[in-house]
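A short worksheet on the structure shown next.
Please treat every number below as a calculation from the coordinates, not as lab data. Quick caveat: nothing in here was measured; it's all calculated off a predicted structure. FYI the Cβ positions are ideal-geometry reconstructions off the backbone, even for glycines, and counts take in every protein chain you see.
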Amino acid sequence: MKVEDPALTRLEDGTRLFTAKIYNPTDQSLDRAQVQVTLLDANNRRVGTMAVEVSNIAARDTTAFRQPVDSREDVSGARVKSVMVL
């Protein structure tokens, strides 16, 4: 499993979204995977974590996903920590 193009964006209403794509290089489709994300402040310090579950990942395919960031901290960045197949 490989996470590609991770990004943190802020919508006009202030909502922050973590978006990325997950690539499944195997010959088997996957029901679910969990992406662990580290949330960072403007000084690149860890201020939290979040987990994103991605469903129905086809074999040898890329699946885009997004999830709102639910944190009271001033999150300015995000980094993928790990990916686990469930």
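Data overview
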quantity	calculated
Net charge, Asn56 excluded, C-beta distance under 13 Å - Lys, Arg +1, Asp, Glu -1	-2
Rounded FRET efficiency, nearest 0.05, which uses the C-beta distance separating Glu12 from Met84 and R0 of 41 Å	0.75
Low-density loop positions, trypsin sites (Lys or Arg not before Pro), segment 6-86 - DSSP coil, at most 12 other Cβ in 10 Å	Arg45, Arg60, Arg72
Structure-derived P(r) over Cα pairs in 10 Å bins from 0, in percent - corresponding label in (1) 14, 35, 23, 15, 9, 4, 0; (2) 15, 34, 32, 17, 2; (3) 18, 49, 25, 8, 0	(3)
Distant-in-sequence amide H partners of Gly48 (H built 1.01 Å from N, under 5 Å)	Leu39
